[in-house]
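*Asks:* Sharing a structure, written as structure tokens. Questions coming.
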Amino acid sequence: MTLPAEQTDPLIAGLNAPQRDAVLATEGPVLMLAGAGTGKTAALTARLAHILRSRLAWPSEILCVTFTNKAAREMRERVGRLIGPGVEGVPWLGTFHSVAAKMLRRHAELVGLQSNYTIIDTDDQLRLLKQLIQAEGLDEKRWPPKQLAGLIDRWKNRGLNPADLDAGENEAYANGRGQEFYRLYQDRLKTLNACDFGDLLLHMLNIFRTHRDVLEQYQQRFKYIMVDEYQDTNAVQYLWLRLLAQARKNICVVGDDDQSIYSWRGAEVANILRFEKDFTGAKVVKLEQNYRSTPDILAAASGLIGANSERLGKTLWTEASGGDKVRVIGVWDGPEEARRVGEEMERLEREGASLDALAILVRASFQTREFEDRFIQIGLNYRIVGGFRFYERAEIRDALAYLRLVAQPADDLAFERIYNTPKRGLGDKTLEKMHRHARARQMPLAAAALELCDTDELPTRARNTLGALMRDFLRWRDAAATLVPAELVRTILDESGYTTALQAERSVEASGRLENLSELARAMEEYATLGDFLEHVSLVMDNEADASAERITVMTIHAAKGLEFDHVFLPGWEEGVFPSQRALDEGGLASLEEERRLAYVAITRARRRCTILHAANRRIYGQWTSSIPSRFIAELPQDHVEQETTLSGGASLWRANWSEQGDPFAHLARDAPGRTQTRGPGWQRAVATGYDATPKRLAEPGRSAASFAAKPRADIAVGARVFHDKFGYGTVAAQEGNKLEIDFESAGRKRVIDSFVKLA
């Protein structure tokens, strides 16, 4: 008896029936609808290997696109193991951008470029946009380059050229000048023989649309087209692929409409939903057998995602048996949530579980802070994947630098970090002068800045800006004696312009940074004094785990896509946190469905156990706020869920009449230790011995204006002839401590510090 080829061929024998169907259906359009953990990568690589080994096409006649270099590399390696090293000769296997860049090199002249064009990075893009904004006389603070860069990226992801922008898009920047700046930017790129990453696909799309011969050349070349993660394609990628596939229609796309979670970077779930309309007669193969999770986890995830209306529909199942139900745990507040997760992880570790198999997946990065603090306290090693640890994030380090400088004005490292953050127009030359003066006088940078503001050493604009900043620090230093730490940091971030600068960016990244800063302020509510909090941060930052040691993984759900862990903890499942209130406000029903897809992704990362947590209340801006459990919890099929509450006395988590009885959680708010601080010496005294009042140019009503009582140079007196690097030769007209008034031959009378002059 002769067995069918699909049972004897080692490429196919190990696949299940739907996977084999997807591999063998080589002719015509194919949609491989692959659920989480169903082996889509194995099926896709087997399909590529089968086409090559069957000699249905030469390697150069296959286009295979992925979203990451890692995915492309993995596919090459897998196919290489299946059929040998021949896959190395597949020249059109790569990311969307790498394939488009290769095409563009061949046809660059059709869009006004040369074949040796440069691809600029984000920093170069922002620098170029800044130049254009300045040249047009626009207020950079009101219309920041990052905002324009984000808009241009969005337009290019949608396949829009400057001429394609409608009135609404045009109004999105500089009161109706969006189109103008987009055009100026594109013209400047052509002058530089350069393009950004968005141009790679947009230029090729424009070429395909306007040069039919080029399009037909590639349509004939590619006998087979394969696309991974099709649910993540944006408009320009979709249009580019559709044009290439129209002639032969041998396109196979792999994706999962239930895992489309990247709309914020341009992905459109509609692309995969309309595949059958774009390619009539397409074969749809559903991969539903899951090789990762337990039956209860899969049933819970499938029940949840079933509430979405915009989906093609599939149901995950597994041959595995047993396993725990999805646990839903209600706790009183955020700190208890972190304590509970920490206790569970300690128990799992005692029972022999590897910390590498444990993960906490959060909706937003600001949620990681309480878990980090808790793990440091109990000695559990952890890693932040896809980002920095909370206190290492740039915006947090900036805020901490402000606080450190208030607490310890001699902290030069903190001063260097924030003297021009946010941008104030204080450049390297100003910092160099401060450094030179600080070294000469053996004083901290802040003290040097105070002195220079009382002289003519700095240009007027820099002196005024620096003076305003130093006045702010004087005020914040006074405020620190009366304000609680959380209110102090909010005041500093607002008055320094830091919050305003982030708000002006109007980007997803900036919104995340603002959330992190809000969480920083919330963290500070637990400390009576600024010194106590800064000491805590120092201890946290000093804790470094051995890189080779097992560690708990902490990451956002977005970053976890494609990964899996034995035990997954999902905290913060409350309305406003998950689903995100910002997402709902901005996107309505479409965003709600994407948030639900994100929840589906989160649950399906778990192999053995999934634990969802929600808190009855969270402390926001110093106030206890009651929280409603996420609607996603109610949508979980109850047969596959185990409900648990940790409320004392087994009381129900939610009381229907709590609002009538007053806040039932008020007793949770502990009275903090006395926050009254003894008012210390002035800020100037802290930065330099003998500084006991504000320099004259910084003096404010009600403030003493006594000068710094410094010992003057013995070799300089009134009438002495001196030389200054900036002002030239002059004669000393007056002397007050270490400050001189000099009549310069070219610059007139100036007030300078004696360390900046030498005898002529």
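The values are calculated or read from the model by the stated rules, or taken from the named source; none is laboratory data. Here the structure is a predicted model, which is why all the values come from computation and not from measurement. Because the Cβ atoms are built from the backbone with ideal geometry, glycine has one as well, and the counts that use them run over all protein chains shown. Just the protein is used for accessible areas: all its heavy atoms, side chains included, with ligands, DNA and RNA removed. Shrake-Rupley method; radii C 1.70, N 1.55, O 1.52, S 1.80 Å.
*Asks:* Residue check, Ser302 against (1) surrounded by 22 or more Cβ atoms within 10 Å (Cβ to Cβ); (2) part of a helix (DSSP H, G or I); (3) under 26 Å from the mean Cα position of the chain (by Cα); (4) not β-branched (Val, Ile, Thr), all met but one. Which one?
*Replies:* Tallying (1) surrounded by 22 or more Cβ atoms within 10 Å (Cβ to Cβ); (2) part of a helix (DSSP H, G or I); (3) under 26 Å from the mean Cα position of the chain (by Cα); (4) not β-branched (Val, Ile, Thr), Ser302 fails exactly one: (3).
*Asks:* Does at least one position in region 585-595 carry a residue that is on the phi < 0 side of the Ramachandran plot, assigned to a strand (DSSP E or B) and open to solvent by less than 50 Å² (accessible area, probe 1.4 Å)?
*Replies:* no
*Asks:* Could I ask something else about it? Filtering region 277-298 down to residues that are touching a Lys or Arg at 6+ places or on another chain (Cβ under 9 Å) and of a type in the set (A, V, I, L, M), which residue is nearest to Asp257 (Cα to Cα)?
*Replies:* Of everything passing the filter in region 277-298, Leu287 is nearest to Asp257 (Cα to Cα).
*Asks:* Evaluate the following for Leu63: is it over 15 Å from Val227 (Cα atoms) and either over 32 Å from the mean Cα position of the chain (by Cα) or in contact (Cβ under 8 Å) with a residue 60 or more places away in the chain (or both)?
*Replies:* For Leu63, the condition - over 15 Å from Val227 (Cα atoms) and either over 32 Å from the mean Cα position of the chain (by Cα) or in contact (Cβ under 8 Å) with a residue 60 or more places away in the chain (or both) - is not met.
*Asks:* Sticking with this one: Of the residues that sit in region 89-105 and are touching a helix residue (DSSP H, G or I) at 6+ places or on another chain (Cβ under 7 Å) and open to solvent by 20 Å² or more (accessible area, probe 1.4 Å), which one is nearest to Arg221 (Cα to Cα)?
*Replies:* Applying the filter and picking the extreme gives Pro91.
*Asks:* Say we look at region 330-350 and pick out the residues that are in a helix (DSSP H, G or I) and not charged (D, E, K, R); which of these is farthest from Leu380 (Cα to Cα)?
*Replies:* Gly334
*Asks:* Counting just the residues of region 305-329 that are buried (at least 23 other Cβ atoms within 10 Å of the Cβ) and either assigned to a helix (DSSP H, G or I) or in contact with a Ser or Thr (Cβ under 6 Å, 6 or more places away or on another chain) (or both), which one comes out modelled with the lowest pLDDT?
*Replies:* Among those that are buried (at least 23 other Cβ atoms within 10 Å of the Cβ) and either assigned to a helix (DSSP H, G or I) or in contact with a Ser or Thr (Cβ under 6 Å, 6 or more places away or on another chain) (or both), it is Leu316.
*Asks:* How do the pairs read when you match residues in region 265-284 that are closer than 19 Å to His558 by Cα with residues anywhere that are open to solvent by less than 60 Å² (accessible area, probe 1.4 Å) and of a type in the set (D, E, K, R), using Cβ under 6 Å and keeping only pairs 6 or more apart or on different chains?
*Replies:* Every condition considered, the pairs that remain are Ala267/Asp232; Val269/Asp257.
*Asks:* Turning to a different aspect of this structure: Return the total of residues in region 23-56 being assigned to a loop (DSSP other than H, G, I, E, B) and open to solvent by less than 10 Å² (accessible area, probe 1.4 Å).
*Replies:* Looking only at region 23-56, we keep the residues that are assigned to a loop (DSSP other than H, G, I, E, B), and these are 25-29, 35-39, 54-56.
If we keep only those that are open to solvent by less than 10 Å² (accessible area, probe 1.4 Å) as well, we get 35-36, 38.
Counting residues in region 23-56 that are assigned to a loop (DSSP other than H, G, I, E, B) and open to solvent by less than 10 Å² (accessible area, probe 1.4 Å) gives 3.
*Asks:* Exactly one condition in (1) on the phi > 0 side of the Ramachandran plot; (2) open to solvent by 30 Å² or more (accessible area, probe 1.4 Å) is false for Gly84; which is it?
*Replies:* (2) is the only condition that Gly84 fails.
*Asks:* Let me ask something additional. Based on this model, can you work out whether Ala108 counts as open to solvent by less than 40 Å² (accessible area, probe 1.4 Å), part of a helix (DSSP H, G or I), among the hydrophobic types (A, V, I, L, M, F, W, C) and under 30 Å from Asp213 (Cβ atoms)?
*Replies:* Considered against the rule, which asks whether it is open to solvent by less than 40 Å² (accessible area, probe 1.4 Å), part of a helix (DSSP H, G or I), among the hydrophobic types (A, V, I, L, M, F, W, C) and under 30 Å from Asp213 (Cβ atoms), Ala108 comes out as yes.
*Asks:* Are any residues in region 718-750 surrounded by fewer than 17 Cβ atoms within 10 Å (Cβ to Cβ) and assigned to a strand (DSSP E or B), and if so, which ones?
*Replies:* Residues satisfying the conditions are Arg721, Phe723, Gly728, Tyr729, Thr731, Ala733, Ala734, Glu736, Asp743, Gly748, Arg749.
*Asks:* Among the listed residues Leu502, Leu514, Leu539, identify the single one that is closer than 30 Å to Pro145 by Cβ and surrounded by fewer than 19 Cβ atoms within 10 Å (Cβ to Cβ).
*Replies:* Working: Leu502 fails: surrounded by fewer than 19 Cβ atoms within 10 Å (Cβ to Cβ); Leu539 fails: closer than 30 Å to Pro145 by Cβ.
Just a single option satisfies the conditions, and that option is Leu514.
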